[in-house]
Amino acid sequence: MLRRLFILTMIQLSSKMKLKITNKKRFIANLALRFLGLVVVTVVMIFMLYFLSKVLYVPINVYFVIFVIFITQIASIIACTTGLMVDLYESKDNAILLSFPAKHDEVFTSKLVVFYINEFLKNLSFLVPMLIAFGFISSLPFTYYFNILTMIFILPLLPVLLAAIISIPIMYIRQFLRVHNTLTLILLITFGVFVFLGLTGLLDEIPTPIRIVALYNKFITSVTLFIQSSAKYASIYGVIGRLLYGVNVLANYGIVIGVIIVLMLMVLLISRPLFFKLASHTQEYAVTKKHRGKNKRSKSLFWTFFKKEFTISMRSSNEMISNYVLLILFPFIVYVLNYIYIGIDRSTFGTKLVIAFDIMISLLLVTASNTASATAISVEGSEFVLLKTAPSDTKKMAWAKVAFNMIASSLMILLIFILFQLSLPQFSDPDIWLMFVVVILVNSGHILWSFQIDLLNPKLSDYAATASLSNNENVSKSIIIGLVLSIIFGGISAFLLIEDYVTGWIRIILIALVFFVVRFYLFSNFLKVYFREIEF
Amino acid sequence: MNKKMVVLLVLILSALSIMAISVWGSLPESNNRPSVVSITITDFDLQNGDGDKIKSVKDQVSEDDYIYKIPFTVTPINSDSKIKASTNQPGITARVDDMESVIYVIFDIDKIGTTVTVTIWDKNTQISDEVTLMFLPPSEIIIVDPDIF
Amino acid sequence: MTVKGGEVFGFLGHNGAGKSTTIKSLVGIQSITEGSMEVCGYNIQTHPLEAKLNIGYVSDNHAVYERLTGREYINYVADLYMVSTTDRDARLNHYLERFALADAIDNEIKSYSHGMKQKLVVISSLIHDPKVWILDEPLTGLDPTSSHQIKEEMREHANRGNTVFFSSHVIEVVEKICDRIAIIRKGKLVGIYEVAKLKDQGLTLEQLYLLHVKKD
């Protein structure tokens with residue numbers, strides 16, 4: 001059994017982590033390099049902790065350590081849960097592993113072992129250097145480092161075992177929500193509203209007029225208190241922190257080992273028996289959505305393409321959220337920022353700076369959401385063949401996509417600015433709507449520019465092969481151009497508004513309009529020439 | 001360059017913008033605020049002959065509850081104050097929240113049980129007050145009377 | 001090389017011989033570096049729209065928009081080929097019955113099996129009743145029933161006076177359904193043969209093909 005477990009684990013590790021010892025010398029050199037890296041990270045952590053302690057006066061004590069362990073382990077639990085959900089029950093390699101001459105329980109255990117090793121290595125690269133640095137700063141005795149050595153092996157067990165247990169109910173909830181899209185949307189909106197209300201509650205605590213130095217001190221004090229008091233709620237991680245520090249060592253070791261045994265029993269009795277049943281239940285036909293329709297000829301080819309874009313977007317909520325996540329964050333960021341700006345006793349110069357920064361940050365967020373345009377042609381993948389073989393002016397597909405992206409983006413921006421106006425009545429209405437005009441014009445120009453990038457260098461084959469847009473260079477280019485545009489327009493706005501407020505606004509809008517017209521002209525010409533040259 | 005980096009950039013830019021507006025775009029603070037006249041710690045159990053304030057924290061500070069709050073008052077209310085606090089023990093930290101007029105005293109796990117004197121002062125006028133926190137019930141706190149001998 | 005109406009023409013060759021390249025040039029996906037290609041009298045380079053209007057193409061990778069339903073996908077393709085509502089209604093109903101896809105046509109393509117997706121692509125390539133039907137490895141990975149249905153349709157489409165141009169490297173299938181075949185080797189056309197005449201000569205297609213291969 002151990003031998004099979006070892007083989008199953010090594011197969012998965014060699015595939016996931018490219019773990020292969022081809023050359024002994026190279027392997028040793030690699031190990032030495034990693035060790036050196038660890039030393040460097042530890043030294044950096046020592047400086048960081050020194051800065052926190054001596055400059056920001058944040059107490060570096062056992063509660064701080066408990067907080068760091070707690071936060072990193074929460075992140076690990078979340079990562080392990082989402083990872084295990086896929087790896088245990090939806091992974092394509094199940095078809096291979098489960099067909100091997102090994103028991104299902106062994107396959108299950110091997111997957112947990114792989115995750116454990118992954119967590120172990122992750123802890124080695126961040127948490128362990130942090131703990132060593134803490135020991136150095138606090139001049140702790142040798143027993144502390146001995147305890148770290150044991151914790152290196154014990155700590156990764158907790159997120160993996162917890163994830164193995166909680167991934168099951170979460171999986172069922174996820175499946176349920178996938179089928180009931182309306183409920184998912186309602187939950188998301190409710191969550192958004194709660195976050196917004198929470199933010200407004202937090203911001204209401206800030207007394208106005210805002211004095212930044214006092215606010216900064218209050219912020220540092222609040223953060224310090226938060227870190228220090230979190231140890232009360234850290235449960236098992238509070239025990240681990242105290243154990244490391246040498247407080248009630250034996251009793252705390254007993255508690256930790258006891259918890260691990262309980263978790264292991266739960267995994268053995270609940271997760272392991274359910275594994276095969278859940279892994280072998282195909283999800284392929286789990287969601288068969290019927291959308292009744294009629295055969296109907298479209299009024300125009302543009303409308304055909306637009307309808308297709310709209311239909312696919314509405315049914316791909318994950319991709320939509322991924323594309324527009326920054327636009328979803330936009331209202332929260334803008335609200336918090338402008339609440340603080342308004343709270344500061346500003347001079348006229350300060351008000352103009354506020355507008356310039358608002359334009360810059362707004363543009364940064366909206367342009368980074370135009371990744372759909374930067375991959376508009378690439379996502380056609382193999383289906384681009386249809387556009388090449390059809391006896392129609394299929395360039396209209398590009399205009400349909402541009403129109404769809406512009407409408408979706410602009411509607412969201414409009415909604416955000418309406419919220420902005422309603423939630424911050426102290427902000428001047430003309431300023432808000434003039435900013436809106438600038439943002440819409442520049443964003444629309446950026447959409448055209450992003451599309452043009454993809455037009456000139458589409459990644460059709462990459463997408464067709466992988467169905468993935470990660471590491472897509474067109475997306476990076478689009479985001480960088482957006483960043484440059486936001487800095488330029490932010491700078492121009494500041495300069496022109498400071499010169500003269502009224503004519504400044506007129507000139508800013510004119511410049512934005514010219515930018516949009518130029519991008520439109522360039523895009524339409526490039527489309528005419530290069531669309532037909534695209535080959536799959 | 002990806003969206004995560006954009007979020008990071010937005011956070012950095014936001015922080016920089018707040019600093020820029022505070023430094024270059026804000027109205028100067030009025031110098032009409034009066035200086036601090038007194039700082040007083042009101043929460044104590046007894047005072048010795050020298051006026052040292054002593055507070056018993058035996059029932060209030062423990063391994064599970066290691067942050068102790070000391071309220072203080074500053075007169076006049078709208079004074080131009082820069083309040084700082086410190087302790088005479090390493091491993092016990094004092095942090096001031098001058099908006100709430102509270103000092104938070106944080107005891108490290110191995111310092112619970114250690115007597116500590118917390119001092120609070122105004123950086124501008126050097127006016128100060130202090131209180132000693134002891135882990136004894138109030139009845140056991142012995143005040144040495146210099147007149148006995 | 002000329003392919004006439006009313007015949008099923010097979011295009012046979014080893015992997016990398018140039019079958020897909022030829023087909024892709026014919027349907028307008030790739031540019032032609034040398035020579036010319038005409039479909040129903042229209043040069044694919046000078047009159048691409050007219051030529052493409054007569055072509056129905058089934059590609060070798062069967063990719064479709066998975067978030068659309070089968071019906072939405074067919075309507076999308078029908079719009080591209082300017083098929084009237086009446087015609088698409090009649091043809092779609094006919095093919096749905098023929099390929100037994102009626103129950104799934106309003107489901108998202110994501111839920112389709114490989115065979116169902118391929119049948120959907122076949123229907124979409126026939127929705128405008130093309131005079132020239134070009135299929136590139138259409139039977140790969142299909143179950144016997146689906147495979148039979150497509151082969152039957154190929155025969156019937158040719159019997160209606162249309163051209164069926166069919167590429168494959170599976171000799172048995174080509175031999176069974178094609179009227180004529182062309183063998184391509186290393187980018188060069190090495191011979192065009194009538195399948196019936198081969199049979200009369202007592203030569204199987206496999207023997208003929210291996211003969212050409214051995215010439216290397």
Open item on the list: Checking an interface number: how much accessible area is buried between A and C, summed over both chains, with a 1.4 Å probe, in Å² rounded to 100?
Closed with: 3500 Å²
Task: Vicinal HN-Hα couplings computed from phi for the stretch C:147-164 (Karplus, 6.51 cos²θ - 1.76 cosθ + 1.60; Hz; Gly/Pro x) - done: 4, 4, 4, 5, 5, 4, 5, 4, 4, 5, 4, 5, 4, 7, x, 8, 9, 10
Task: Candidate lysines - alpha carbon under 17 Å from residue C:19, same-chain residues fewer than 8 apart omitted - done: C:186, C:188
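I want the antiparallel fraction of DSSP beta bridges within the protein assembly as shown, as a percent rounded to 5. Walk me through the numbers on the way to the answer.
Values: 39 of 62 bridges.
The antiparallel fraction comes to roughly 65 percent.
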Task: Built amide H within the under 5 Å cut-off of residue B:26, gap 5+ - done: A:347
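Take the solvent-accessible surface of the protein heavy atoms, probe 1.4 Å, and return the percent of it on the stretch C:69-216 that carbon and sulfur atoms account for.
Details: 3250 of 6340 Å².
Within the stretch C:69-216, the accessible surface is 51 percent carbon and sulfur.
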Task: Accessible area expressed per residue, chain A, with surrounding protein chains retained (probe 1.4 Å, Å²) - done: 49 Å²
Task: At R0 = 51 Å, FRET efficiency that the Cβ-Cβ distance of residue C:204 and residue A:320 yields, to 0.05 - done: 0.40
- [ ] Can you tell me the relative contact order of the stretch A:307-411? Whole percent, Cα pairs under 8 Å, sequence separation 6 or more.
- [x] 36 percent
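Return the carbon/sulfur percentage of the accessible area of the stretch A:366-433, one whole number, probe 1.4 Å, all protein chains in place.
Values: 1440 of 2010 Å².
Result for the stretch A:366-433: 71 percent of the exposed heavy-atom area is carbon or sulfur.
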- [ ] Give the long-range amide H neighbours of residue C:163: residues separated by 5 or more places, or on another chain, with amide H under 5 Å away, using H modelled in the peptide plane at 1.01 Å from N.
- [x] C:6, C:132, C:133
Task: Estimated distance in nm for a label pair at residue B:114 and residue B:126, the labels positioned 7 Å out from Cα along Cα-to-Cβ - done: 2.8 nm
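Any idea of the accessible area per residue across the stretch C:64-207, 1.4 Å probe, to the nearest Å²?
Values: 5810 Å² over 144 residues.
Ligands and nucleic acids excluded, the result is 40 Å² per residue.
Can you send over the carbon and sulfur percentage of the accessible area for the stretch A:484-536, probe radius 1.4 Å, protein chains only?
76 percent
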Open item on the list: From the P(r) of the stretch A:1-114, could you give the percentage of C-alpha pairs in the tail past 16 Å?
Closed with: 74 percent
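Quote the FRET efficiency, to the nearest 0.05, computed for residue A:178 versus residue C:49 with a Förster distance R0 of 35 Å and r equal to the Cβ-Cβ distance. If you can, show how the numbers build up before the last one.
Numbers: r = 42 Å, r/R0 = 1.21.
The formula returns an efficiency of 0.25 here.
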Open item on the list: Roughly how large is the B-A contact in terms of buried accessible area, totalled over both chains, probe 1.4 Å, nearest 100 Å²?
Closed with: 3900 Å²
Open item on the list: Need the per-residue list for the stretch A:454-491: every residue with at least 30 Å² less accessible surface in the complex of protein chains than in the chain by itself, probe 1.4 Å, sorted by number.
Closed with: A:479, A:483
TODO: Could you provide, to the nearest whole Å², the per residue accessible area of chain B with probe 1.4 Å?
DONE: 56 Å²
- [ ] Run the numbers on chain B and let me know its relative contact order in percent, using alpha-carbon pairs under 8 Å that are six or more apart.
- [x] 26 percent
Task: Where A:223, A:354 fall by accessible area, highest first, once all protein chains stay in place (1.4 Å) - done: A:223, A:354
TODO: For residue A:195, tell me the accessible area in Å² from a 1.4 Å probe, rounded to the nearest 10.
DONE: 60 Å²
Task: Loop-resident sites, the stretch C:131-169, for chymotrypsin sites (Phe, Trp or Tyr not before Pro), counting at most 12 other Cβ within 10 Å (DSSP) - done: none
Open item on the list: Rounded to the nearest 10 Å², what accessible area does residue A:393 have for a 1.4 Å probe in the complete protein model?
Closed with: 60 Å²
Open item on the list: Of the candidates B:70, B:12, B:92, which one comes out as most mobile in a Gaussian network treatment of chain B with C-alpha springs shorter than 10 Å?
Closed with: B:12
TODO: Please turn the phi angles of the stretch B:58-74 into ³J(HN,Hα) values with the Karplus equation 6.51 cos²θ - 1.76 cosθ + 1.60 (θ = phi - 60°), one per residue in order, whole Hz, x for glycine and proline.
DONE: 4, 8, 10, 10, 8, 4, 8, 9, 10, 10, 10, 9, 10, x, 9, 10, 10
Task: Rounded to whole Hz, the Karplus (6.51, -1.76, 1.60) HN-Hα couplings of the stretch A:76-92, x for glycine and proline - done: 5, 4, 5, 5, 5, 5, 5, x, 5, 4, 6, 5, 7, 10, 10, 6, 5
Task: Where chymotrypsin sites (Phe, Trp or Tyr not before Pro) fall in DSSP loop in the stretch A:82-150, at most 14 other Cβ within 10 Å - done: A:126
- [ ] Identify the GluC sites (Glu not before Pro) of the stretch C:12-81 meeting these criteria: DSSP loop state and at most 15 other C-beta atoms within 10 Å of the C-beta.
- [x] C:34
TODO: Could I have the simple spin-label model distance between residue B:8 and residue A:50, label points 7 Å from Cα toward Cβ, reported in nm to one decimal?
DONE: 2.4 nm
TODO: Go through the stretch A:59-106 and flag every residue whose accessible area shrinks by 50 Å² or more with all protein chains in place compared to the isolated chain (probe 1.4 Å).
DONE: A:63
Open item on the list: Relative contact order for chain C: what percent, with Cα pairs under 8 Å and sequence separation of 6 or more?
Closed with: 33 percent
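Using a Förster distance of 60 angstrom, determine the FRET efficiency expected from the C-beta separation of residue A:247 and residue C:194, and round it to 0.05. If you can, show how the numbers build up before the last one.
Numbers: r = 93 Å, r/R0 = 1.55.
Result of the calculation: an efficiency of 0.05.
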Task: Inter-label distance for residue A:75 and residue A:170, nm, one decimal - labels placed 7 Å from Cα along Cα-to-Cβ - done: 1.6 nm
Open item on the list: When a/c reaches 1.5 or more, the comparison of a/b and b/c decides; with that in mind, is chain A rounded, prolate or oblate per its Cα gyration tensor?
Closed with: oblate
Open item on the list: Can you give me the solvent accessible area of residue A:172 with a 1.4 Å probe, rounded to the nearest 10 Å²?
Closed with: 120 Å²
TODO: Enumerate the amide H contacts of residue C:45 below 5 Å, restricted to partners 5 or more residues apart or on another chain; note that Pro and chain-start residues carry no placed amide H.
DONE: C:37
Task: Complex-versus-alone comparison for the stretch A:322-345, residues with a loss of 20 Å² or more in accessible area, probe 1.4 Å - done: A:326, A:333, A:337, A:340, A:341, A:344, A:345
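The values are calculated or read from the model by the stated rules, or taken from the named source; none is laboratory data. Treat the numbers as computed from the prediction; the structure is a model and nothing was measured. Quick reminder, even Gly has a Cβ in these numbers, built from the backbone with ideal geometry, and neighbours come from all protein chains shown. Ligands, DNA and RNA are excluded from the accessible area calculation, which covers all protein heavy atoms including side chains. Shrake-Rupley method; radii C 1.70, N 1.55, O 1.52, S 1.80 Å.
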